[in-house]
Amino acid sequence: MVIGMQTSIYRQFWKYTVPTIVAMLVSGLYQVVDGIFIGRYVGADGLAGINIAWPVIGTILAIGMMIGVGTGALISIHQGQKDSIGAKQVLATGLLMLLVSVPMVSGLLAFFSDDFLRWQGAQGRVFELGLQYINVLIGSCIFSLGSIAAPFLLRNDHSPKLATYLMVLGAILNIVFDYVFIVCLGWELTGAAIATGGAQMIVTILGVGYFFSQQATLNLCVSDFKIKLFLVLKIINTGLASFFMYAYGAIMVAIHNGLLALYGDQMIIGAYAILGYIVTVYYLIAEGTANGMQPLVSFNHGACHQPNVRKLLKVATISAVLIGFLFVCLLNLFPKEFVSIFNNTDEELIKNAILGIRLHLFALALDGFLVVAAAYYQAINKSGKAMFVIVGNILIQLPFLYLMPKLMGVKGIWIAYPMSNVALSIMVVFMLIKDVRRYQIEKPQQVLA
């Protein structure tokens with residue numbers, strides 16, 4: 001990974017980023033394919049049901065992301081410092097953290113799932129469908145956690161292509177399982193949850209099993225699994241921004257669901273779900289760009305190659321923003337075509353989803369910028385600033401979500417999100433410019449301090 005030529009850092013970036021984006025897009029099929037099958041075979045109530053279950057799903061994924069990103073970033077930093085023993089200790093501790101978190105997550109789901117769905121305004125058929133999904137998730141959360149963390153660990157073990165292949169396999173299996181359980185057996189959201197859980201199980205088993213093989217750079221054996229409390233704290237600290245990134249999404253979906261039920265109805269929650277599936281495609285590209293950048297930034301930061309760090313930040317930011325701009329243009333040119341992928345018969349559902357595209361997504365490219373900025377700060381072990389980017393989005397968005405619906409009803413709910421994105425992005429731009437200039441003239445600090 002050491003860079004010997006001026007232009008080779010860009011080749012390294014694309015070498016990591018392209019397979020990572022592909023892996024993220026493929027992994028997104030877990031969600032998007034569920035949405036297509038649910039929208040076409042269960043309808044608007046099914047879409048609303050999966051959307052009220054999503055905050056629970058997102059929180060589980062946030063825990064897996066925190067452990068995966070935190071562990072991966074620290075592994076790369078140790079490898080940049082030529083400390084392979086320390087890197088192996090980080091990996092073993094991260095895997096044990098995944099295992100220990102399972103009973104806590106399952107217990108919380110079992111006790112509070114009903115109340116959480118009702119808080120979002122779920123009633124009747126929508127409540128029943130949302131509960132179907134969560135009931136399966138209680139038993140399969142270990143695989144949800146493992147499937148989100150394993151690709152990060154593989155990429156930081158210098159196996160980005162293997163991570164991609166593994167996620168492709170999981171996505172293909174998810175499509176097959178969706179067809180069997182939703183279309184053939186008619187199991188509705190229970191079938192969707194079983195399909196996703198089954199695919200995630202295979203990804204988790206194969207991904208973790210890799211580290212016990214001779215192909216792994218950080219080859220593990222049972223005796224390596226001794227939890228290091230100081231590493232637990234470092235992993236949490238480094239990955240906390242990723243947790244809040246996913247938790248932020250879960251919180252915002254829950255708040256939007258509640259507001260849409262209050263100012264509109266549960267059919268509009270179904271329209272909001274369609275927007276979520278569409279936006280997932282761009283988010284995965286942005287996250288793939290950021291996650292492809294992360295191992296290289298961590299390594300070069302650990303090795304004190306600051307010019308390479310700046311180049312990586314620049315190319316990742318430009319890529320994420322440009323792709324976001326093009327994506328928004330396509331959505332506004334062909335809104336009905338995008339919405340009809342999920343449902344082409346319910347005209348009211350389609351009309352509300354198109355309105356959401358026009359009002360809710362016009363600043364989507366700025367989300368890509370914020371994702372890259374947060375990943376950059378995580379990669380250089382500045383978790384406090386990464387947290388500012390993520391938590392700032394919540395804190396800025398809440399006043400807009402409080403005021404705009406009172407002024408404009410459902411339309412106000414739609415536009416609160418892009419308005420808050422613009423406000424936060426302005427602040428983050430100035431913070432990044434200031435920090436990059438300072439790091440350019442300062443000697444890097446002890447990166448694991």
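The values are calculated or read from the model by the stated rules, or taken from the named source; none is laboratory data. In this text the structure is predicted, and so the values were computed from the model without any measurement. Cβ atoms come from the backbone with ideal geometry, glycine included; neighbour counts cover every protein chain shown. Surface accessibility is based on the protein's heavy atoms, side chains included, excluding ligands, DNA and RNA. Shrake-Rupley method; radii C 1.70, N 1.55, O 1.52, S 1.80 Å.
Modelled this way, with points 7 Å down the Cα-to-C-beta line, the labels at Val100 and Tyr263 are 4.3 nm from one another. About its Cα centre, the chain has a charge dipole of approximately 1720 debye under the convention of +1 per Lys or Arg Cβ and -1 per Asp or Glu Cβ, with nothing else charged. Computed 3J(HN,Hα) for the stretch 413-418, one whole-Hz value per residue from the Karplus formula 6.51 cos²θ - 1.76 cosθ + 1.60 where θ = phi - 60°, is 5, 4, 8, 4, 5, x, glycine and proline marked x. Once the Cα atoms are used to define both axes, helix 266-302 deviates from the longest principal axis of the chain by about 0 degrees. The stretch 180-219 and the stretch 371-431 have Cα centres spaced 33 Å apart.
Simple spin-label estimate for Arg11 and Leu326 gives 2.3 nm between the two label positions (7 Å along the Cα-to-Cβ direction from each Cα). Nonpolar atom fraction for the stretch 150-204, defined as the carbon and sulfur part of the 1.4 Å probe accessible area, stands at 77 percent.
Ordering of 54-67, 85-98, 172-185, 325-338 by packing is 54-67, 85-98, 172-185, 325-338, highest average first (other Cβ atoms within 10 Å, averaged per residue). Taking Ser383, Ser144, Ser106 as the candidate residues, the one with maximal mean-square fluctuation in a Gaussian network model of the chain, Cα springs under 10 Å, is Ser106.
Structural descriptor for the stretch 95-167: relative contact order 31 percent, calculated from alpha carbon pairs under 8 angstrom and at least 6 residues apart.
Largest mean-square fluctuation among Met387, Met267, Met427, in a Gaussian network model of the chain whose springs join Cα atoms under 10 Å apart, belongs to Met427. Extending 7 Å from the Cα toward the beta-carbon at both Lys351 and Ala110 defines two label points whose distance is 4.7 nm. Between Arg125 and Glu337, the C-beta separation translates, for a Förster distance of 35 Å, into a calculated FRET efficiency of about 0.80.
Please work out the FRET efficiency for the pair Gln215 and Lys406, using the Cβ-Cβ distance as r and a Förster radius of 56 Å; give the result to the nearest 0.05. Approximately 0.45, to the nearest 0.05. Between the listed residues Gly302, Gly258, Ile227, the Cα displaced farthest toward the positive end of the dipole of the stretch 226-356, a dipole computed from Cβ unit charges relative to the Cα centre, is found at Gly302. Think of a 1.4 Å ball rolled over the protein heavy atoms: the chain then has 39 Å² of accessible area per residue.
Packing around the peptides 136-142, 198-204, taken as the average count of other Cβ atoms within 10 Å per residue, puts them in this order, highest first: 198-204, 136-142. The calculated 222 nm mean residue ellipticity attributable to helices in the chain amounts to -30000 deg cm²/dmol, summing -39500 (n - 2.57) over DSSP H runs of n ≥ 4 and dividing by all residues. Toward the positive end of the charge dipole of the stretch 98-163, with +1 on the Cβ of Lys and Arg and -1 on the Cβ of Asp and Glu, the farthest Cα among Gln132, Gly107, Ser159 is that of Ser159. Think of each Lys and Arg Cβ as +1 and each Asp and Glu Cβ as -1; about the Cα centre, that makes the dipole of the stretch 330-449 roughly 540 debye. Arg40 sits among other residues whose Cβ lies under 12 Å from its own Cβ, and their net charge, with Lys and Arg +1 and Asp and Glu -1, is -3. Using the Karplus relation 6.51 cos²θ - 1.76 cosθ + 1.60 with θ = phi - 60°, the per-residue 3J(HN,Hα) values for the stretch 121-127 come to x, 6, 9, x, 4, 5, 4 Hz, with x marking Gly and Pro.
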